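*Asks:* Have a look at this one.
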Amino acid sequence: MYRRDLLANQQELFVDTVGILKNDQLSYFENDRKTKHVITFKDDSVVMERHGDTASFTTLCMNVTNECLIHSEYGDMVLHAETENITKTKDKWIVTYRILSGEELVLYQTITWELSQQN
């Protein structure tokens, strides 16, 4: 999974792992092997779940302001999410979105999941 920070114009390989793909859902662990991600990717929506010390649940749909729910040791937060692009092909899932706290832009990024079959 590649993550491009559009505010800082930097790209990084965030997770390089083997996941389980079943229909429209991809599950994988971060490099720490403790933090699990479950991504449900439809043609017009993406749901990103992160289960670990800090948990989050983000729903992204085109032309709708969505919510990003974050649970951490500091408490719970609800932020707003705006989706700019959702692209789904056989080999790649791509989403570009913004996270806002009130009027403040907190995160603006593109995430690309490259999908390949292992034999």
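Since every read-out is calculated from the coordinates, none of them should be taken as a lab result. Source: prediction; values computed, not measured. Neighbour counts run over all protein chains shown; Cβ positions are idealised from the backbone, glycine included.
*Asks:* Within 15 Å, Cβ to Cβ, of Leu105, how many net charges do the neighbouring residues add up to if Lys/Arg are +1 and Asp/Glu are -1?
*Replies:* Cβ neighbours under 15 Å give a net charge of -4.
*Asks:* Give a quick list of trypsin sites (Lys or Arg not before Pro) in the stretch 84-116 that DSSP marks as loop, anything other than H, G, I, E or B, with at most 11 other Cβ atoms within 10 Å.
*Replies:* Values: sites: Lys88, Lys90, Lys92, Arg98; in loops: Lys90.
Of the trypsin sites (Lys or Arg not before Pro), the ones in loops of the stretch 84-116 whose Cβ has at most 11 other Cβ atoms within 10 Å are Lys90.
*Asks:* Sort Ile39, Ile94 so that the residue with the fewest other Cβ atoms within 10 Å of its own Cβ comes first and the one with the most comes last.
*Replies:* In order of increasing Cβ crowding within 10 Å: Ile94, Ile39.
*Asks:* If you don't mind, there's one more thing I want to ask. Specify which residue in the list Ser116, Tyr2, Thr54 is farthest towards the positive end of the charge dipole of the chain, using unit charges on the beta carbon of Lys, Arg (+1) and Asp, Glu (-1), about the Cα centre.
*Replies:* Farthest along the dipole direction, towards plus: Ser116.
*Asks:* Magnitude of the Cβ-charge dipole of the chain, K/R +1 and D/E -1, about the Cα centre, nearest 20 debye?
*Replies:* 480
*Asks:* Lysine pairs in the stretch 2-113 with alpha-carbon atoms under 16 Å apart, 8 or more places apart or on different chains: how many are there?
*Replies:* Pairs that pass both the separation and distance tests number 8.
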